[in-house]
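Let me begin by presenting the structure, written as structure tokens, before commenting on it.
The values are calculated or read from the model by the stated rules, or taken from the named source; none is laboratory data. All figures in this text were calculated on a predicted structure; none of them were measured in a lab. Positions of Cβ are backbone-derived with ideal geometry, glycine not excepted, and every protein chain shown enters the neighbour counts. Areas reflect the complete protein model, heavy atoms only, side chains present, ligands, DNA and RNA absent. Shrake-Rupley method; radii C 1.70, N 1.55, O 1.52, S 1.80 Å.
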Amino acid sequence: MKSKILSLFLMALVMFVLIACGNEITTTTTLNTQTDTTLSTTTTTTTTTTTTEDLTMATLIGVANSIIITNSDNITGDFQVIGKSGDVLITWTSDDAFVAEVSSESVLVDGITYYNVIIISDSVDRTITLSATFTLNDKTYSKDFLIRVKAEIGLVSYNSVSDLFTNAALNDYVKISGYVYAKYAYGYAIVDTQGTNLIIYTTIANSNLVKIGDLVSVKGIYAVYNTLYQVKDLTKQTILSRDNNVDVPITVLDNATDLLLVDSSIKTNHGKLYTITVSIVISGTDIHLYSGATKIAVVYYNSYFSSLDALRNHVGETVTINVLYYVLHPTDGIRVVFDGAEEDIAAIPLTEEQKFTVDIETLEKTLTLISALEMPTLKYATYVSITIPSSLEDNLNFDGNEYVITRPSAAEGDVTGNLTVTIKIGDTLRDVQVPVIIKAFSSGIASNLFFSKYVEGSSYNKLVEIYNGTASAINLAEYTIELYVCGTTCATSASSTLTLSGTLQPGQTLAIYNSGATADFKLKAHINIESNAIANFNGDDTLVLKHNGVIIDSIGQIGIDPGTAWSANGVSTQDMTLVRKSYVVSGDTNPTDAYDPSIEWIAYPKDTVPNIGSHTIE
């Protein structure tokens, strides 16, 4: 931000230098620090002198008169006003902070104190008064400065949300203000002085800047997402004041199914707050809210991670929570935002039977083993014993410390069976049948190429690796990689396609990475391809590998919005490096079925580089 004003003060002779838009203007002002007036008569000589107070006031007036706001009748952007000249302190106020807001905190630039003036242009020209107070030796002097803030072309300003909803057309560039009363990762909800709600969809960075109770002014595009009318694509977000008392009513629903009766065609119903009592159910990576057997809503995946984790701590439980009605989604049904913490969840204690149900659901998932048996962590029950069936006795044994796996040979194939696991809550015991697959050693030969590594890291650290585990050289010209992007909607046809070229020898890898990735992810494979069209995926996008048009591997699920990622058992397609498990010798050829990355992938922390350029199957 270029400064508009710079003044330097000298007591006897005040020289002021004003810098505006790179042009230097020098003004010289002379202050009379002493005035000698001699009135002569034939008999008397009288001398009049100025007091210290008069000198102080003269100094204040001199400084005030020296300040010029250049282009004051044509203000189009933010600027700075000086906060100190010599020993004179200068403070500023605006008579309309919705158009020109003077920051409360000063900044120091090259040893000079300034205040930022934030300009929030309107749809018409506005004349604003900036009042400056000059202070020296307990004396003050005030002076007003008029500025004319020019209208922003194409902008339509609204004084209320109702006005916006009634008069704005979709894709209009609009300005609106309100008080923040709820937040989520990519935005927040505001309420105007008439009590009408509006959702603001923006970036994580913008959302992090605002707090509950802030009065904000935003400029952005008026848009609709399914049933939700909102302002998005912000060009300006200004916090006008903080710590305001915002009182938004919360409707308590005695029966959570009443939420299903909310009319989503009414714009003002979005953003309303409700208290509901529901059961927490996990479906894939989403959190579903149920009342009995009736699905009420899905918790919006862009709710804060900490809020989602707090809800996950109560899976299977009945809880009372406050939620924000966000949108009626064509697939999910009602989406709600939960922005609370653990202390905002009132859980109804589970019965013993309900606790068993939660842990049994965990145990009944198939365990695929290639090394020691590790049983999943239970939430309520404790393990009592594990009984190995005869079908697994040759391949699973307890050595006194752990259950050790002996993998079958490739000729023998995988071994399957059910462990009988006894668990206990209080004095009650339950036997649970746990399905197990002990993977055989592979022949060391794959039937075709497959994805061997997947990196979804910081910023542009994006990479996908392909491995040739076959016994033959592969003509890559027969292969394509497709990216299916999941944005406002999830693509059902390829968003980007890359046709490969060259030859990949047995045991070699090919890596496709983003040009913006760090050096750790570049040029590590036998064949390296820089492609921002493919290696620009997020955790909710799907990748497909094809051979002569036939799908031979995939990561994700085409056409399905998983939230921010597909994740299960600590393995996620977002913010992680994934490596294909060594027993996998062929790809996932069905990219439309439910996707669980934990089945075939090992997770490493974000931006980890585990042996890019090599892969092993066994």
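Remark: pairs (first residue in segment 424-436, over 27 Å from Ile405 (Cβ atoms) and open to solvent by less than 90 Å² (accessible area, probe 1.4 Å); second residue assigned to a strand (DSSP E or B) and β-branched (Val, Ile, Thr); Cβ separation under 8 Å; 6+ apart in sequence or on different chains) = Ile425/Thr382. Would you confirm whether or not segment 465-475 contains a residue that is surrounded by 22 or more Cβ atoms within 10 Å (Cβ to Cβ), closer than 22 Å to Gly559 by Cα and touching a residue at least 24 places away in the same chain (Cβ under 8 Å)? Scanning segment 465-475 turns up no residue that is surrounded by 22 or more Cβ atoms within 10 Å (Cβ to Cβ), closer than 22 Å to Gly559 by Cα and touching a residue at least 24 places away in the same chain (Cβ under 8 Å). One residue alone among Asp254, Asp263 is in contact with a helix residue (DSSP H, G or I) (Cβ under 7 Å, 6 or more places away or on another chain), farther than 18 Å from Ile190 by Cα and in a loop (DSSP other than H, G, I, E, B), and that residue is Asp263.
Picking from residues in segment 597-612 that are surrounded by 17 or more Cβ atoms within 10 Å (Cβ to Cβ) and touching a residue at least 40 places away in the same chain (Cβ under 8 Å), the one that is nearest to Ala517 (Cα to Cα) is Asp607. Looking across segment 579-603, the residues that are assigned to a strand (DSSP E or B) and over 17 Å from Leu449 (Cβ atoms) come down to Ile602, Ala603. Given the structure, is Thr318 β-branched (Val, Ile, Thr) and without any contact (Cβ under 8 Å) to a residue 24 or more places away in the chain? In short, no. Pull up segment 83-105, narrow it to residues that are of a type outside the set (D, E, K, R) and within 30 Å of the chain's Cα centre (by Cα), then point me to the one that is nearest to Asn137 (Cα to Cα). Looking at the filtered set, the residue picked out is Ser104. Every test in (1) over 41 Å from the mean Cα position of the chain (by Cα); (2) modelled with pLDDT of 90 or more is passed by Thr113 save one, and that test is (1). Of all the numbered requirements in (1) in contact with a strand residue (DSSP E or B) (Cβ under 9 Å, 6 or more places away or on another chain); (2) without any contact (Cβ under 8 Å) to a residue 40 or more places away in the chain; (3) open to solvent by 40 Å² or more (accessible area, probe 1.4 Å), Asp263 misses one, and that requirement is (1).
Among the residues making up segment 484-517, those that are under 30 Å from Asn302 (Cβ atoms) and more than 22 Å from the chain's Cα centre (by Cα) are Thr492, Ser493, Ala494, Ser495, Ser496, Thr497, Leu498, Ile512, Tyr513, Ser515. Considering segment 488-555, the qualifying strands (runs of 3 or more DSSP E), each wholly inside and each with 2 or more residues that are surrounded by fewer than 17 Cβ atoms within 10 Å (Cβ to Cβ) and in contact with a strand residue (DSSP E or B) (Cβ under 6 Å, 6 or more places away or on another chain), run over 496-499. Please go through segment 224-243 and pick out each residue that is loosely packed, with under 15 Cβ neighbours inside 10 Å and either among the charged types (D, E, K, R) or under 20 Å from Gly195 (Cα atoms) (or both). Of everything in segment 224-243, those that are loosely packed, with under 15 Cβ neighbours inside 10 Å and either among the charged types (D, E, K, R) or under 20 Å from Gly195 (Cα atoms) (or both) turn out to be Asp233, Ser241, Arg242, Asp243.
Looking at segment 209-223, can you tell me whether even one residue there is buried (at least 16 other Cβ atoms within 10 Å of the Cβ) and in contact (Cβ under 8 Å) with a residue 60 or more places away in the chain? Among the residues of segment 209-223, at least one is buried (at least 16 other Cβ atoms within 10 Å of the Cβ) and in contact (Cβ under 8 Å) with a residue 60 or more places away in the chain, which makes the answer yes. Within the span defined as segment 194-206, every residue fails to be part of a loop (DSSP other than H, G, I, E, B), open to solvent by less than 10 Å² (accessible area, probe 1.4 Å) and free of Cβ contacts under 8 Å to residues at least 40 places away in the same chain. Residue pairs whose Cβ atoms lie under 8 Å apart, separated by 6 or more positions or on different chains, with the first residue in segment 342-371 and closer than 12 Å to Arg430 by Cα and touching a residue at least 24 places away in the same chain (Cβ under 8 Å) and the second open to solvent by 60 Å² or more (accessible area, probe 1.4 Å) and outside any helix (DSSP H, G or I), are Lys355/Lys379; Phe356/Arg430; Asp359/Lys379; Ile360/Arg430.
Evaluate segment 380-403: report whether one residue or more is under 30 Å from Asn322 (Cβ atoms), at pLDDT 90 or above and either surrounded by 15 or more Cβ atoms within 10 Å (Cβ to Cβ) or among the β-branched types (Val, Ile, Thr) (or both). Yes, segment 380-403 contains at least one residue that is under 30 Å from Asn322 (Cβ atoms), at pLDDT 90 or above and either surrounded by 15 or more Cβ atoms within 10 Å (Cβ to Cβ) or among the β-branched types (Val, Ile, Thr) (or both).
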